[in-house]
Amino acid sequence: ATEANEKNVIMVTGGSGLVGMGIKTFIENGNQVEGEEWVFLSSKDGDMRKRDDCEKIFEKYKPTHVIHLAAKVGGLFANMAAKVEFFRENILINDNVMECCRIYNVKKLVSFLSTCIFPDKTTYPIDETMLHDGPPHPSNEGYAYAKRLIDTMNRAYAEEYGCNFTSIIPTNIYGPHDNFSIQSGHVIPGLIHKCYLAKQDQTPFTIWGSGTPLRQFVYSIDLAELTVWVLREYHDPTPITLSVDEEDEVSIKDVALAVAKAMKFEGEIVFDTSKADGQFKKTAGNKKLRKYLPDYKFTSIEEGIQKSVDWFVENYEVARK
Ligand code: NDP
């Protein structure tokens, strides 16, 4: 068979999470290309922190392409409480996956960074070139340093072994299949869960912090579509930010109000300013993305929140929370 006729096996590590399920939904919605086989892994297929488990998975599926999502992830409060675990577990997972991709001649590896790993003291908007320009915010330095090293190693693997490894920098992601834990989840799923309980118990909907911080949120299905585009079309080791435009940045307060509206919550809304706010803003520029895809239209925050709320309400029993 010529190379063009060979089957591509695209393996997604962490395929059962928020982003992985977004990619699965996108692919199942008529976006699978002929000759592609998709494999979505979860921790049940093996513990990627263990080199043996990782090698067995590569032996079994023989992937030609890998989208690497598996990671220990959590919100501000979880990160502050377990820096050692956020560093070590991510370092182990990433080292195993990258080295297996080299050994098993994977043609393309796309890993995930995050805007929350960028220097704390910086100018805005942040872009792909500024990743290593200063220390991250102390609240998540374990996670941040582990993630930053993916970029370092993508360049090193390209230089030394000619590997085609790259990375994506998403802003905050939300959507169906998120982790809706109030204690350890991210802001949107946490607010959705809290608002659900407030409505059910007829208690106030309490938001941690002042509500003033600004964030860019990307809907998981949009991110899925753009990730598949990176896999197929973007071939450069330097990272690419996948984010809504700068003018689509919203305050946590606006997000909370959108959640309340989508949930049809009509009770009292309270901001608990005794809780930490985190970084005030971390505006990311998406010029690089816009150079390639000037007309890509993102799902609006209102529509994305409505779909996420509907999913949570319909799947309350099975949702991670
Ligand atoms: P989730 O927490 O929703 O999913 C994590 C996935 O990783 C799950 O499939 C989980 O499997 C798997 N996993 C975790 N630990 C292991 C392990 N030791 N071995 C094998 N698999 C493991 O994460 P997201 O989908 O939110 O995140 C995907 C990627 O995007 C991550 O790399 C994250 O750092 C990055 N990112 C996420 C952001 C966000 O807002 N959510 C923002 C920026 C970046 P199981 O279901 O079996 O537990």
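The values are calculated or read from the model by the stated rules, or taken from the named source; none is laboratory data. Please read these numbers as outputs of a predicted model, since none were measured by experiment. Cβ coordinates were reconstructed from backbone atoms using ideal geometry, including for glycine residues, and neighbour counts include every protein chain displayed. Only protein heavy atoms, including side chains, enter the accessible area calculation; ligands, DNA and RNA are left aside. Shrake-Rupley method; radii C 1.70, N 1.55, O 1.52, S 1.80 Å.
For the reader, a short list of remarks on this structure follows.
- Of all residues in the stretch 228-249, those that are open to solvent by less than 50 Å² (accessible area, probe 1.4 Å) and either under 25 Å from Gly190 (Cα atoms) or in a strand (DSSP E or B) (or both) total 7.
- Single condition Ser210 does not satisfy, out of (1) outside any helix (DSSP H, G or I); (2) crowded, with 22+ Cβ neighbours inside 10 Å: (2)
- Applying a threshold of 6 Å to beta carbon distances and a minimum spacing of six or more residues, or different chains, the list of pairs starting in the stretch 72-90 at a residue that is without any contact (Cβ under 8 Å) to a residue 60 or more places away in the chain and ending at one that is assigned to a loop (DSSP other than H, G, I, E, B) and within 11 Å of the ligand (Cβ to nearest atom) reads Glu89/Arg49; Glu89/Lys72; Asn90/Ala71; Asn90/Lys72.
- Residue in the stretch 250-263 that is assigned to a helix (DSSP H, G or I) and more than 27 Å from Tyr196 (Cα to Cα) present: no
- Count of the stretch 1-54 residues which are more than 20 Å from Ile93 (Cβ to Cβ), of a type in the set (Gly, Ala, Ser) and assigned to a helix (DSSP H, G or I): 2
- Of all residues making up the stretch 92-135, the number that are within 12 Å of the ligand (Cβ to nearest atom) and either open to solvent by 10 Å² or more (accessible area, probe 1.4 Å) or not in a strand (DSSP E or B) (or both): 12
Quick grid of which residues meet (1) in a loop (DSSP other than H, G, I, E, B); (2) open to solvent by 90 Å² or more (accessible area, probe 1.4 Å):
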residue: Glu266; (1), (2): yes, yes
residue: Lys281; (1), (2): yes, no
residue: Asp295; (1), (2): yes, yes
residue: Ile305; (1), (2): no, no
residue: Trp311; (1), (2): no, no
residue: Val318; (1), (2): yes, yes
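- Residue tally, condition among the hydrophobic types (A, V, I, L, M, F, W, C), open to solvent by 10 Å² or more (accessible area, probe 1.4 Å) and either within 11 Å of the ligand (Cβ to nearest atom) or more than 19 Å from His186 (Cβ to Cβ) (or both), over the stretch 213-227: 1
Conditions tested, residue by residue: (1) at pLDDT 95 or above; (2) closer than 20 Å to Val218 by Cβ; (3) near the ligand (Cβ under 9 Å from one of its atoms); (4) open to solvent by less than 70 Å² (accessible area, probe 1.4 Å).
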position: Ile27; (1), (2), (3), (4): yes, yes, no, yes
position: Gln32; (1), (2), (3), (4): no, no, no, no
position: Trp38; (1), (2), (3), (4): yes, no, no, yes
position: Gly46; (1), (2), (3), (4): yes, no, yes, yes
position: Ile67; (1), (2), (3), (4): yes, yes, no, yes
position: Val84; (1), (2), (3), (4): yes, no, no, no
